[in-house]
Amino acid sequence: MPYVNVRVTNEGVTVAQKLELIEGVTDLLSRVLNKDPATTVVIIDEVETDNWGLNRESITMRRRRPKSAV
């Protein structure tokens, strides 16, 4: 039984987008690894931007900077 955990920042991912991710990951595992979609588990975790870091700073701080400074 494949288990896939997708983590994204909580910046407005819609229910429709989550469903598309679940369907896409399931289809990919079915096509590439011949896994049964009925036993494929996909979990989507939405992470607060304060809890996600990149290059020594939180995503919250990166989002506050002007785009030209990123």
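The values are calculated or read from the model by the stated rules, or taken from the named source; none is laboratory data. Here the structure is a predicted model, which means the values were calculated and not measured. Methodologically, a virtual Cβ is constructed for each residue, glycine included, from the backbone with ideal geometry; neighbour enumeration extends over all protein chains shown.
A few points about this structure:
- Filter result (assigned to a loop (DSSP other than H, G, I, E, B) and in contact with a helix residue (DSSP H, G or I) (Cβ under 9 Å, 6 or more places away or on another chain)) within the stretch 44-67: Glu48, Trp52, Asn55
- Residue satisfying all of: in the stretch 30-47; closer than 30 Å to Arg63 by Cα and either surrounded by 15 or more Cβ atoms within 10 Å (Cβ to Cβ) or at pLDDT below 95 (or both); farthest from the chain's Cα centre (by Cα) among these: Val42
- Subset of the stretch 30-43 that is in contact (Cβ under 8 Å) with a residue 24 or more places away in the chain and not in a loop (DSSP other than H, G, I, E, B) - its residue that is farthest from Met1 (Cα to Cα): Ile43
- Residue count for the stretch 1-29, restricted to those that are part of a helix (DSSP H, G or I), surrounded by 15 or more Cβ atoms within 10 Å (Cβ to Cβ) and not hydroxyl-bearing (Ser, Thr, Tyr): 5
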